[in-house]
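The values are calculated or read from the model by the stated rules, or taken from the named source; none is laboratory data. This one's a predicted model, so the numbers in the text were calculated from it and none came from an experiment. Glycine gets a Cβ as well: all are built from the backbone with ideal geometry, and neighbour counts include every protein chain shown. For the accessible areas, the whole protein counts, side chains as well, though only heavy atoms, and no ligand, DNA or RNA atoms are used. Shrake-Rupley method; radii C 1.70, N 1.55, O 1.52, S 1.80 Å.
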Amino acid sequence: MSEIRICGYRPLSGEIKIQGSKNGALPILAASILQKGTVRIDNVPAIQDVDCMVGILTSIGCRCEREGSCLSIDASCLEGAKIPGEDVGKMRSSILLMGALLGRLKEAETWYPGGCSIGSRPIDLHLLAFSRLGAHVQEDVEGGRIRASAAALKGDTICLPFPSVGATENALLAAVLAEGETEICGAAREPEIASLCAFLGQMGAKITGSGTSRLCIQGVSRLHGTAFTIPGDRIAAGTYLTAVTATGGDVKILGAPWEDMQEVARVLSQAGAAVSPVKGEDGKAAGIHIRMEGRPKPLRLSTGPHPAFPTDLQSPMLAVLSRAEGISQVQENVFEDRFKTVKELWKMGAQIEVCRNEAVISGKHRLHGARVTALDLRGGAALVAAALAAEGETRVSGCAHIERGYEDICRDLRALGGRIWEHAQDT
Ligand code: EPZ
């Protein structure tokens, strides 16, 4: 077991390149089994969730080879439609293999997925999509197993009552090899869906409406191998931007997707940071530059499906607003149990009250170091951001949560002058 030690209260400065996107990479890895050749995926982040997905792909017969950030997946020898239970419970995205297996083999059997404990996280919308395409879905709720099969998948209209990211991805994965046309109404518009559409398109899928809430898929009979580069991680980049806003500094995050982070940039500007795109040689945005002096300004914030403020950055924003010059309000509209980290922030002196889906934060001039525990991935990252802004030493345990989504949060923040180290936990 390791813990992160942080000596805070010092501005951050410098530049780093952001890792590839976790939530972009995982559906693309699942989609790789829709074709019978090899795909080459670049800028794959070295994180535990990716290791877990590669483990599952290998266990169903794929040959996966990793060289640096490049991953090749040869899916020609896919062995069967049963996903072994061990790794499935460790992460949410394992459920995406169901849509991909159903697309390729017309059958899939798996277990209920795991992932961060941030709410009930049902999969009814995923299963609804499979049923609409003609699959027979069986759930063994007590045994924890799910099975779906179809003699043939047939395109149809799938209306999602909430723009679920995972259900949209699973619907796409199952529909690209279905017969005829599928329409997904109420689709999620997260940038990771557009990446998945681009990847599927490169493999030969016919999809229109990418980036909108109405996706149309004209089924094709087969897909082929391709090469693809995963975009920079907007949530990891956003985490580091919040750390700078909380503690001050002057930082460039290269590879951060500026166009996809407009609402994050707007909110951080409202908090007092100067946020602008870093221009690449071609004149296009190639990253994000942030400068912050003094304490953050208080604000009101609501999370929501893209293009609203991302729920994944809600906890890191609590860290920022805990130091603000006044009272802020944060409303969580996506997951019903995503304020768990508040109790850990209290230990650092933060003053936050939670009532149902709303947190009221009375900003304090000073936070102080403490022993705290990461309870989920982004909550853990929020504690790191708060600790960088706090006086004295903080120790964050439960780092395995953080490692699920950040390649090396200590490496990145040390490169920006943060005094932060990971080491074996004292017993
Ligand atoms: C994805 O989770 C992300 N995970 C999450 O990031 C992110 O927080 C979330 O989208 C929202 O942006 C990955 O991409 C791997 P949803 P997902 O389906 O797909 C309800 C992180 O920290 N719902 O859009 O699981 C659900 O309960 C992670 O990186 C149903 O009711 O999210 C929730 O309230 C955490 N039925 C809402 O929809 C369903 O069948 C949004 O969930 C599916 C979802």
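Here's the yes/no breakdown for (1) surrounded by 22 or more Cβ atoms within 10 Å (Cβ to Cβ); (2) acidic (Asp, Glu):
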site: Gly369; (1), (2): no, no
site: Leu383; (1), (2): yes, no
site: Ala387; (1), (2): yes, no
site: Glu393; (1), (2): no, yes
site: Val396; (1), (2): yes, no
site: Glu403; (1), (2): no, yes
site: Tyr406; (1), (2): yes, no
Pull up region 259-279, narrow it to residues that are farther than 25 Å from Asn357 by Cβ and surrounded by fewer than 13 Cβ atoms within 10 Å (Cβ to Cβ), then point me to the one that is nearest to the ligand (Cβ to nearest atom).
Glu259
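Would you tally the residues in region 24-37 being open to solvent by less than 10 Å² (accessible area, probe 1.4 Å) and either within 9 Å of the ligand (Cβ to nearest atom) or assigned to a loop (DSSP other than H, G, I, E, B) (or both)?
4
Which ranges mark the strands (runs of 3 or more DSSP E) fully within region 176-236 that have 1 or more residues being away from the ligand (no atom under 16 Å from the Cβ) and within 24 Å of the chain's Cα centre (by Cα)? Walk me through how you get there before you give the answer.
Working: elements: 181-185, 206-208, 214-218, 227-229.
Answer list for region 176-236: 206-208, 214-218, 227-229.
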Among Gly24, Gly80, which is the only one that is modelled with pLDDT of 95 or more and out of contact with any strand residue (DSSP E or B) (no Cβ under 8 Å at 6 or more places or on another chain)?
Gly24
How many residues, within region 145-163, are within 16 Å of the ligand (Cβ to nearest atom), open to solvent by 10 Å² or more (accessible area, probe 1.4 Å) and more than 15 Å from Arg132 (Cβ to Cβ)?
2
Name, by its number, the condition in (1) assigned to a loop (DSSP other than H, G, I, E, B); (2) open to solvent by 50 Å² or more (accessible area, probe 1.4 Å); (3) away from the ligand (no atom under 16 Å from the Cβ); (4) modelled with pLDDT of 95 or more that does not hold for Asp282.
(4)
Considering each residue of region 195-206, count those that are surrounded by fewer than 20 Cβ atoms within 10 Å (Cβ to Cβ) and in contact (Cβ under 8 Å) with a residue 12 or more places away in the chain, and give that number.
4
For region 121-136, what are the residues that are within 12 Å of the ligand (Cβ to nearest atom) and hydrophobic (A, V, I, L, M, F, W, C)?
Ile123, Leu125, Leu127, Leu128, Ala129, Phe130
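Within the group Ala274, Ala285, which residue is over 30 Å from Ala187 (Cα atoms) and of a type outside the set (S, T, N, Q)? Break it down into steps so the answer makes sense when it comes.
Details: Ala285 fails: over 30 Å from Ala187 (Cα atoms).
Answer to the selection: Ala274.
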Restricting attention to region 11-23, does a residue exist that is more than 16 Å from the ligand (Cβ to nearest atom), open to solvent by 10 Å² or more (accessible area, probe 1.4 Å) and free of Cβ contacts under 8 Å to residues at least 24 places away in the same chain?
no
Only one of Gly99, Gly115, Gly166 that is crowded, with 16+ Cβ neighbours inside 10 Å, assigned to a helix (DSSP H, G or I) and near the ligand (Cβ under 9 Å from one of its atoms):
Gly166
Yes or no: Gly186 modelled with pLDDT under 95, small (Gly, Ala, Ser) and open to solvent by 10 Å² or more (accessible area, probe 1.4 Å)?
no
Do we have any residue at all in region 373-386 that's closer than 25 Å to Gly272 by Cα, more than 16 Å from the ligand (Cβ to nearest atom), over 25 Å from the mean Cα position of the chain (by Cα) and not charged (D, E, K, R)?
no
Can you find even one residue in region 221-228 that is in contact with an Asp or Glu (Cβ under 8 Å, 6 or more places away or on another chain) and open to solvent by less than 40 Å² (accessible area, probe 1.4 Å)?
yes
Looking only at residues in region 305-356 that are in contact with a Leu (Cβ under 8 Å, 6 or more places away or on another chain), within 13 Å of the ligand (Cβ to nearest atom) and part of a loop (DSSP other than H, G, I, E, B), which one is least open to solvent (accessible area, probe 1.4 Å)?
Thr341
Residue pairs within 6 Å by beta carbon, gap of at least six or interchain, first lying in region 112-130 and free of Cβ contacts under 8 Å to residues at least 60 places away in the same chain, second open to solvent by 30 Å² or more (accessible area, probe 1.4 Å), listed first then second, are Pro113/Arg92; Gly114/Gly89; Gly114/Lys90; Gly115/Arg92; Leu127/Val137; Phe130/Val137
Would you say Ala256 is open to solvent by less than 10 Å² (accessible area, probe 1.4 Å), part of a loop (DSSP other than H, G, I, E, B) and without any contact (Cβ under 8 Å) to a residue 40 or more places away in the chain?
no
